Amino acid sequence: MHGTLRRLHGGQGANDEQGTDRGRGADGGRRHDRRRRQHGGQRRPGPTIDRFRLNELLSQAAFGGRRSNVYRRITALAAVRPGDAVLDVGCSAGYLVRKLASATGPGGRVTGVDPSEAAIGYAQRHAGPGLTFTVGTAQALPLPDESIDVVTSTLAIHHVPARRRQDALAEMYRVTKPGGRLLLADFDPARPPLPLHPGAKRTRRAAASIGSLEELAAQAGFQIESTGTLPLLRYVTAIRPTAPRTVDDIMAAGGERWVAGGERGRPTG
């Protein structure tokens, strides 16, 4: 679960940092400029969760001790089979990756991708056979085209900047083999805020901003298979078609906004 956030901008938001420096006067402003130079004046492309062990404890509390059962259900919904190549996007320290690995068996491989170097480092130190963990973002997955049988992403999409979410789904589509599967899950905004979660209200707002998970998947080109809810979560399962989809297909699946102004009947890949 992705809960306790460090802001994408290195742990403090840029506005928070600027506000502190304004309160300290010119010296604070110079210190702020110096920090920006030290970090190259750049911002990362999404939020990371570096306090992942605290996040694990909060996750257990938020799910009321049911997280293991919920994630087993997610693994079953993803229909992972022995020998599959599986990708978990936004894997944090690898909790779901380990459950997916139990479904792929010794002949499969599971890759976890997350922007947090701290979480990936921890996951790598505790990785079992057939598990690979890589630092990366959902918007730029470090994997080849059509190399994955099953892509999962749980409690990650609400952390991706709104303007990049469709890019993230396009990347998931790119790496999925024709006929491969997608399972996308995130907080259900219709549910009450998470108990004991320090960012519960902010997280609920972010989850609500995602809109329809099935629309995100359909706009990327996936064929929707099922939708539903789990404790705290909503999910969608989908398949990458074995034949290129046309714009008409995507519009029929709810992707009208994505294809606005496009050429109907044109294959999309």
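The table that follows gives values for the structure above.
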| item | result |
| --- | --- |
| Cβ crowding within 10 Å averaged over residues, with 166-177, 122-133 ranked highest first | 166-177, 122-133 |
| Contour minus Cα-Cα distance for A208 and Q124 (0.36 nm per residue) | 27.0 nm |
| Packing-based exposure ordering (other Cβ within 10 Å, fewest first) of E215, E117, E146 | E117, E146, E215 |
| Cα gyration tensor shape for the range 109-230, rounded if a/c is under 1.5, else prolate or oblate | oblate |
| Theoretical FRET efficiency, 1/(1+(r/R0)^6), r = Cβ-Cβ of D145 and R191, R0 41 Å, to 0.05 | 0.65 |
| Prolate/oblate/rounded call for the range 140-190, Cα gyration tensor, a/c under 1.5 rounded | oblate |
| Extension gain from N69 to T134, taking 0.36 nm per residue of separation minus the Cα-Cα distance | 20.8 nm |
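No lab work stands behind these numbers, since they all come straight from the coordinates. This structure is a prediction, so every number in the text was calculated from the model and none was measured. No Cβ is skipped: glycine too gets one built from the backbone with ideal geometry, and neighbour counts run over all protein chains shown.
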